[in-house]
Each structure stands twice: as C-alpha cells, then as structure tokens.
Protein chains: 2
Amino acid sequence: MDRLIEKVIKKDNPTCLGLDPNLEFIPCFIKDKAYKEFGKTLEGAAWAIFEFNKGLIDALYEHIAVVKLQSAYYEMYGIPGIIALDKTLKYAKEKGLYVIFDGKRNDIGTTATAYAKAYIGQTDIDGEKVRAIEADAITVNPYLGSDGIQPFVFEANLNKNAIFVLVKTSNKSSGEFQDLVVEDKFVYEIVAEKVAELSTQSIGRYNYSNVGCVVGATYPEQAKRLRQIMPYTYFLVPGYGAQGGKAEDVAVCFDKNGLGAIVNSSRGIMYAYKKSKFGEEAYQEAAINEVKKMRDEIKQELLRKNTT
Amino acid sequence: MDRLIEKVIKKDNPTCLGLDPNLEFIPCFIKDKAYKEFGKTLEGAAWAIFEFNKGLIDALYEHIAVVKLQSAYYEMYGIPGIIALDKTLKYAKEKGLYVIFDGKRNDIGTTATAYAKAYIGQTDIDGEKVRAIEADAITVNPYLGSDGIQPFVFEANLNKNAIFVLVKTSNKSSGEFQDLVVEDKFVYEIVAEKVAELSTQSIGRYNYSNVGCVVGATYPEQAKRLRQIMPYTYFLVPGYGAQGGKAEDVAVCFDKNGLGAIVNSSRGIMYAYKKSKFGEEAYQEAAINEVKKMRDEIKQELLRKNTT
C-alpha cells in the first residue's frame, strides 16, 4: 500500500479514475472510427474502449495517481474486451499509475489463491513464474469468510501488492445483508473487524496495511464508524458524484494528514464532456477540469475538517 | 432451468463435471506436448488446459449433462487462459452439455447488468446484439443485496438462462459471516428467503425456477433446512468427494423425483487417473469410471431415501 500512498502524495490528489467503459460513455467520433474498421462487433467495441481509455489516461496521468478498472465493462465485450482491459492496465502502468482491478473476486481456499495469483501474484507454470494480469491491487468480496480472503492477503503480502475487501457498498440495497444486526453489531462491522485483524500483518511506513477496504461514499455515518474499527486500512470510496456522494461525505474516511482514502469517480470524469460546451472532441479537457474540481472539493473539505 | 433439467433426465445423471484445470491435475504427456510447442508460458498452459478439457468432454459427454467452469483457473493463465475457457465452453455446448460459468460475479446495479449480459445475456453494440461468452448459467455472490442480484435474474429470465446464487458455501470458514445469527435466523437463511422470493418469477414446467442456488455438500443439516425455504430453487452442490461431501449428505437436496439438485465434482473426476492402475494415458477411462461410480452412489442413496 506504500506504493499507492507515495503516488497519491506525489500527485497531491486522492482521486481514483474509474475506467468503466460502457459504450454509451464513449464519444461518437471514436466509436464511428472503430465501427468503420471492425463493424459493430466485440472487436469494434474493444478498439473504441482502449482508444478512449488511452485518451483519458494521456490527459489525466499527470493529475491523478490511481485508476480502477471495472472488470464487468470489459467482460461484457468478451475476449476482445478482456484484451482491452489488459492493454489498458499495461498502458496505465507505463504512465506510472497505480492500477486496481475491480473484479470483486471471491472463492474458497485454492480457488481464491488462483484468483489472487491471476491479478496480484504470479502463476507457476511447472516452475516458471509468470504474471497473468499485472494489477497492483484487486477488490475482494468477503461473503465466503476468512479462508476466502486469506489467500488474497497472502499473495498481496508476498508480492507487495494490495487488496480492497468490500465492507459497506454504495448501492441502495447494500443494507439488505450488510446491515443485518447480530447482537449489537451490524454484519458490515463484523466484516470490518475481520479486515482490521487481517490488516495487522502488513502495516507499512505510513501506518497503512496491504489490506484495504471498500466503503461507499453514500454512507458517511457508517464510514465514520468504520474508520474507527479499521485504523490501518486504506479506504477505496466509490459512489462520488454520479451516485450522490459529496466531499463532506468522504472526508470522514481520511486521516488528519489527508491520507487513508482514495475516492473513485467513473461516470463523473469519463462523461464530463457531456456537460461541457466544447463537445465530445474536448473529452480530455473536460475530464481534466472535472478531476481538478473534484480534487479541490475534497482538499477544501479536508482543510475545513482539520481546522474545525 | 427446464433446459438443464431435461438434459439431466435424458442422461439420468445429476453429476456436474467441474472443469477446474489447475495445471497439476493435467497429465504430464499433455503438458510435455504443450511445453514443447509453446514453452512454459501462459500459451503453453492454455493449450494443455484446452486439450485436457476436450479429452474429458469427449469421454464424458454421453454420461453427464452439465459442466461447470471455475473461472479462477482460467484467469490464472491470463488472456490465453480465458481464451481456453471460451473454447472449452463452446466445445461443451457443441457436445450438447449445459454449461455453468462459475465466476461468483457480483456488483451493483448497472455493473451487475454488465456481468449478466457478458455471460447469460446479450451485449448491445450500438444496436447490434451479440453474445460475449455463451454460458447457460452463472454463479452469483449475494453480498451486495437485491440490486446486485436482480439484474442477473432479469437477464436470466429474458434470455432463458439461469443463475445460481451462493447461499451456504462448502468451505470451513463459510460460517464466519453466513452463520451469523440475526434474531432467530442465520444470515444464510435470510439470503435463502431472498432467493426464494426471486425464484417465484420464473417457475418452469418441472416446478423449478431460473434462479438456482449454491449449497455446499459439506453442510447436510443446513441443506435440509434450505430445501424447505427454497422449494422452487435448483441446488448446485459443490464439495462432493475431494472436499468430503458424500451421497447421503447430498440426498437431502433432491426432491422425490430425483430432481432439484446437481452435484459437482472437479478434482475427483479430473484427477481420477491418479488413483487408477492404468496410468495417466488412461485419464479418460478413469474419469468415466469415477462418473459412473458417483452417479450410482447418488442414485442408490436417493432410492434408499425414497423407500425409507
């Protein structure tokens, strides 16, 4: 997690660019070019996705430290889509960005190990160690309990990478199972206690562990409590902007040094050009403006919080 | 789900072949050929995986109705591995098998829709509908609540495919969160009630819904109770054989017609040749024998249960 934190400090920005390339977010001039070359096929979609992602990364890599690739929007375009994910990931890393694979993977024992090796570890091919998909971190769903999480923790620690475990998600019905009350605790608090326990194995020089968590921006009260339960856990906070989360909502996730959380925005940044008067050709400038605006909002709120 | 059930009836076998192609399960003569051609690379591993899967499908397609592909063991071999998954899936379908993509996918709203379209629905490329990965069913993790499950149900019903929602998993620490007690119920029972509710939208001619569930063979007492909570829900039961589940443990998941459940075995079938005296070249015969043995064990137990 130190590697992530150093990048965030260097860019002075806790914003995470979510690359969820639903085709409807992609400017028509890019899609038209793709369809002309490949037709309205999975290959055409994948070409447009990589082209758009590359344009966004080129525009933003000097302003941000982290990107998060939402795997669903690549898997939706089949093998060509997954190849576009891999190319995007490699391109982002070339530009010095920290890359989170947002796949919310989960399974038991040896199968969890296989997922962990796939994204944040090394695959052993009868003695030859190779990397399958080279992410820096992966998101993990905790429903299967600690023998489904521990293999991810193990590979993260072994390979100096990280995981983010879902604790309290940003969606409306996240409470259905996560907010069930067990004696005097919510289920998400019990998950948080487990995450806190797993965190202690790898506390780095900034006092944060390789085991991070996901806490939605849409639940600030819960986030405040979770910050206390998991003092060494970096928060990946989705739900900013389009889903309704605001700067004051996410401020509770940060420590007094402005660390402790990264805040993801996907649609807000990718789709900023739709609100811009310069049209879709100016999608890069629109994204830069949006990222700067988001950074300033969060920084201002953190300043306000620290001085009151 | 009718399509699955018809195939199970026709083959008179509720066994599901789990294709979890960890390289260590694959006979050396196949791997040697792969490494000679492609080296110890992701491509070499992927070639061996597909070759082995194809051999198993060729041997077993007349005896079984269903295969389950555990995505982790393909993702572990990167893009070549995922291509091997796609090829295996297509090959199994050509041979008339029902194919479950075991990816335990989960996310919120539109992202859950993207996953559902990827595996059991259709991807819309500006008006052109194409299939990304052509599975018949997908496994789904419920931690995010109903707005994370409903999109899968919707796509299953729309495309006459199916989903299997994790309720009670087969691993040791599955109880950590699944067995938490909320008032007088376990969390997994509350999840089961939600699954039962979602099931009612699509009950087919055999009285089962497109919404199935996953219940580990290692927890027969819980399975018995879950069968009552979810009367219209087909059970996908992992954990048979290698993980310790026996015929008497899985019998509770079936109805009196011998329907209501499919029982998965991965290692037990793939790795049967290790226990055979004829060596690894005879992996197909060993797999056939194992499948027949497993079928007979389960059928005998169901007969015993129905007559006592």
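Every read-out reported here was derived from the displayed coordinates using simple, explicitly stated rules and does not represent laboratory data. From a predicted model like this one, the values you see are computed outputs, not experimental measurements. We place every Cβ from the backbone using ideal geometry, glycine too, and count neighbours over all the protein chains shown.
Computed quantities for the displayed model
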quantity: Length-normalised contact order of chain B in % [C-alpha pairs under 8 Å, at least 6 apart]; calculated: 18 percent
quantity: Cα centroid of the stretch A:110-143 to Cα centroid of the stretch A:205-267, whole Å; calculated: 25 Å
quantity: Farthest toward positive dipole pole in the protein assembly as shown [+1 Lys/Arg, -1 Asp/Glu at C-beta], among A:Q228, B:F101, B:I190; calculated: B:F101
quantity: Calculated label separations, B:L303, copies of the chain, 7 Å along the beta-carbon direction, nm; calculated: 8.1
quantity: Total formal charge among the other residues, if their Cβ is under 10 angstrom from that of B:P151, Lys/Arg +1 and Asp/Glu -1; calculated: -2
quantity: Cα-centre dipole for the protein assembly as shown with unit charges at Cβ (Lys and Arg positive, Asp and Glu negative), debye to 20; calculated: 140 debye
quantity: Burial ranking of peptide ranges A:268-281, A:213-226, A:131-144, B:83-96 (average Cβ count within 10 Å, highest at the top); calculated: A:131-144, A:213-226, B:83-96, A:268-281
quantity: Scattering curve values for the stretch A:1-159, log₁₀ I(q)/I(0), Debye with Cα scatterers, q = 0.16, 0.21 Å⁻¹; calculated: -0.94, -1.30
quantity: Theoretical FRET efficiency, 1/(1+(r/R0)^6), r = Cβ-Cβ of B:Q300 and A:D124, R0 35 Å, to 0.05; calculated: 0.30
quantity: Per-residue HN-Hα couplings for the stretch A:69-77 [Karplus 6.51, -1.76, 1.60; θ = phi - 60°; Hz; x = Gly/Pro]; calculated: 9, 7, 4, 3, 6, 9, 4, 4, 9
quantity: Local electrostatic count, B:E193, Cβ distance below 11 Å [Lys/Arg +1, Asp/Glu -1]; calculated: -1
quantity: Average beta-carbon neighbours from other chains, 10 Å sphere, peptide A:129-141; calculated: 3
quantity: HN-Hα J in Hz across the stretch B:245-251 - Karplus 6.51, -1.76, 1.60, θ = phi - 60°, x for Gly and Pro; calculated: x, 10, 4, 5, 6, 8, 4
quantity: Positive-end residue, the protein assembly as shown charge dipole about Cα centroid, Cβ charges, pick of A:L259, A:F29, B:L60; calculated: A:F29
quantity: Chain A - charge dipole about Cα centre, Lys and Arg +1 at Cβ, Asp and Glu -1, debye rounded to 20; calculated: 780 debye
quantity: Charged-residue dipole, Cβ positions (Lys, Arg, Asp, Glu), the stretch B:11-147 about Cα centre, Debye nearest 20; calculated: 200 debye
